[in-house]
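Student: Take a look at the following structure, please.
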Amino acid sequence: VQLQASGGGLVQAGGSLRLSCAASGIIFSVYTMGWYRQAPGKQRELVASIIRTGSTNYADSVKGRFTISRDNAKKTVNLQMNSLKPEDTAVYYCNAFWSASTPGDYWGQGTLVTVSS
């Protein structure tokens, strides 16, 4: 199983970035896909998730600014991040989760997003 994240980088506050995660080795369409982030000195937190039906969930801190989407045919999940703030600076991780599978919980390698003020 591989989750390959890309799209991180340095951006000024107010700017936008689009993260992508390409999955292989899993039945992508049944997995809940999520983006998490971990800032220096902080715990990893959920940013956004999308279930197999397309229903989404967002952290309060990113609602209205971030949009998660998935393409089951391409086995990709994307995170469009707009109106970025310095506090969005973190390493962003792609996650795939399916409770019916063991282990059923996979992580990508992380991609760094840095937002300058």
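Student: For the peptides 55-63, 28-36, what is the packing order when you average, over each peptide's residues, the other Cβ atoms within 10 Å and list the highest mean first? Numbers along the way, then the final one.
Tutor: Values: 55-63: 13.4, 28-36: 20.8.
Ranking, from highest mean packing down: 28-36, 55-63.
Student: Hey, another quick one. Under a 1.4 Å probe, what is the accessible area of the chain per residue, stated in Å²? Please list the in-between numbers first.
Tutor: On the way: 6070 Å² over 117 residues.
Spelled out: the 1.4 Å probe surface of the chain, per residue, equals 52 Å².
Student: Where does each of 10-16, 90-96, 110-116 land if you order them by average Cβ count within 10 Å, highest first? Intermediate values should be presented prior to the final figure.
Tutor: Details: 10-16: 12.6, 90-96: 22.4, 110-116: 17.1.
Order by mean packing, descending: 90-96, 110-116, 10-16.
Student: I've got another one for you. Relative contact order for the chain: what percent, with Cα pairs under 8 Å and sequence separation of 6 or more? Each step should come with its number before you reach the end.
Tutor: Details: 281 pairs, mean separation 41.4, N = 117.
Dividing the mean separation by the residue count of the chain yields 35 percent.
Student: Could you please report the charge total around TYR92, scoring K, R as +1 and D, E as -1 over all other residues with beta-carbon less than 15 angstrom from its beta-carbon?
Tutor: Values: positive: ARG18, ARG37, LYS42, ARG44, ARG65, LYS85; negative: GLU45, GLU87, ASP88.
Value of the local net charge: +3.
Student: Return the sequence-ordered ³J(HN,Hα) values of segment 51-60 in whole Hz as given by the Karplus equation 6.51 cos²θ - 1.76 cosθ + 1.60 applied to θ = phi - 60°, using x for Gly and Pro.
Tutor: Rounded to whole hertz, the list is 8, 4, 7, x, 5, 10, 9, 10, 5, 4.
Student: Please work out the Cα center distance from segment 90-106 to segment 1-76, rounded to the nearest Å.
Tutor: Centre-to-centre (Cα) distance: 11 Å.
Student: Taking only the Cα atoms of segment 28-117, how large is their convex hull per residue, in Å³? All intermediate terms of the calculation are to be shown ahead of the outcome.
Tutor: Working: hull volume 9.4 nm³, N = 90.
In segment 28-117, the Cα hull volume divided by residue count equals 104 Å³.
Student: Separation between the THR53 and ALA39 pseudo-spin-labels, each 7 Å from Cα along Cα→Cβ, expressed in nm?
Tutor: 3.3
Student: Follow-up. Per-residue counts of other Cβ atoms within 10 Å, averaged by peptide: what ranking do you get for 37-44, 68-75, highest first?
Tutor: In decreasing order of mean packing, 37-44, 68-75 become 68-75, 37-44.
Student: Pop a pseudo-label 7 angstrom from the Cα along the beta-carbon direction at both SER117 and LEU46 and give the gap in nm to one decimal.
Tutor: 3.0
The values are calculated or read from the model by the stated rules, or taken from the named source; none is laboratory data. Keep in mind the model is a prediction, meaning the values are calculated, not measured. A quick note on method: Cβ atoms are made from the backbone with ideal geometry, for glycine too, and the neighbour counts reach across all protein chains shown. For accessibility, only protein heavy atoms count, side chains too; no ligands or nucleic acids. Shrake-Rupley method; radii C 1.70, N 1.55, O 1.52, S 1.80 Å.
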